[in-house]
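Novice: Have a look at this one.
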Amino acid sequence: MKLRIYPHEILGHAVSVIEANNPSIKGMAGLIVEETLRSLLLSTKKGEKRVLKRGLLLKIGEAIVNGDELLRRPEDRIKG
């Protein structure tokens, strides 16, 4: 798997947290239902959980994505 910037829309994608500054969210998985400048809202089996992008390493589909590289407004990130 390749670590890269993820310029695409991520809403509705399945995601799992591989690494995190907050150890309690490591291994969390769900669907991305909302994205803001600094956070993601995930729909998990235990309900909706908001996680901060900073310090995350995510698996989105087959891509491994560094959360720090997502630290932009979604509309700015997908414009390029």
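The values are calculated or read from the model by the stated rules, or taken from the named source; none is laboratory data. This structure is a prediction, so every number in the text was calculated from the model and none was measured. Neighbour counts run over all protein chains shown; Cβ positions are idealised from the backbone, glycine included.
Novice: Any idea which of (1) closer than 21 Å to residue 72 by Cβ; (2) outside any strand (DSSP E or B) is the one residue 24 doesn't satisfy?
Specialist: The one condition residue 24 does not meet is (1).
Novice: Can you tell me which residue in the range 27-38 is surrounded by the most Cβ atoms within 10 Å (Cβ to Cβ), limited to those that are of a type in the set (A, V, I, L, M) and in a strand (DSSP E or B)?
Specialist: 32
Novice: Name the pairs: first residue in the range 42-61 and touching a residue at least 40 places away in the same chain (Cβ under 8 Å), second residue hydroxyl-bearing (Ser, Thr, Tyr), Cβ to Cβ under 9 Å, at least 6 apart or on different chains?
Specialist: Qualifying pairs under 9 Å: 58/6; 58/16; 59/16; 60/6; 60/16.
Novice: So which residues in the range 2-35 are modelled with pLDDT under 95 and in contact with a Gly (Cβ under 7 Å, 6 or more places away or on another chain)?
Specialist: 7, 13, 21
Novice: Give me the pairs, please: first residue somewhere in the range 19-30 and under 11 Å from residue 44 (Cα atoms), second residue anywhere and in a strand (DSSP E or B), beta-carbon distance under 6 Å, and either six or more positions apart or on two chains.
Specialist: 28/17; 29/16; 30/42; 30/43; 30/44
Novice: While we're here: Sort out which residues of the range 39-55 are in contact with a Ser or Thr (Cβ under 7 Å, 6 or more places away or on another chain) and loosely packed, with under 14 Cβ neighbours inside 10 Å, and write them in order of number.
Specialist: Listed by number, the list holds a single entry, 50.
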